[in-house]
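S.K.: Take this structure, written in structure tokens, and hold onto it; I'll ask about it next.
The values are calculated or read from the model by the stated rules, or taken from the named source; none is laboratory data. Quick caveat: nothing in here was measured; it's all calculated off a predicted structure. In this analysis, Cβ positions are derived from the backbone assuming ideal geometry, glycine residues included, and neighbour counts consider all displayed protein chains.
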Amino acid sequence: MQETKAPAPRLTAVASSPDDVRDVQRTVEEKPVVVVGRRGCCMVHVARRLLLGQGANPAVLEVADDADPAALVVALRSSKDNSANKGDAAPARQAAFPAVFIGGRLVGGLDRLMAMHIAGELVPVLKKAGALWL
């Protein structure tokens, strides 16, 4: 008999106030895999299904429709590493939802997640983050 995993929690945050950003940051730090996206986004569903297919159970953090992905990524980076390079604004400008975090680090969006999967890089990263027990 195959054992089924309980679904990962779906959390909701606005990600506009400092308290909400701290909630997102805490979730990213505590969970090995987090998918951040807008409510009802089909690409969040695809990212979640891809990760579930690999054996990981991602937490899904749903943000408000007016949340700015670049501002959220900049806030997470600046709070995590105050000595970050100021010239590293290009990745933040290119940030989009869904944003996938593995092991507390921003992997990227769905396109990067799929590229890692196709290249065979996803499973080792998930193992290193403690999301897989193989």
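S.K.: Sort out which residues of segment 116-134 are at pLDDT 95 or above and in contact with a helix residue (DSSP H, G or I) (Cβ under 6 Å, 6 or more places away or on another chain), and write them in order of number.
M.R.: Hits for segment 116-134 are 116, 122.
S.K.: Hey, any hits in segment 1-13 for a residue that's surrounded by 16 or more Cβ atoms within 10 Å (Cβ to Cβ), modelled with pLDDT under 65 and assigned to a loop (DSSP other than H, G, I, E, B)?
M.R.: Scanning segment 1-13, I find at least one residue that is surrounded by 16 or more Cβ atoms within 10 Å (Cβ to Cβ), modelled with pLDDT under 65 and assigned to a loop (DSSP other than H, G, I, E, B), so the answer is yes.
S.K.: For segment 55-73, give me the residue count where each residue is more than 14 Å from the chain's Cα centre (by Cα) and hydrophobic (A, V, I, L, M, F, W, C).
M.R.: 3
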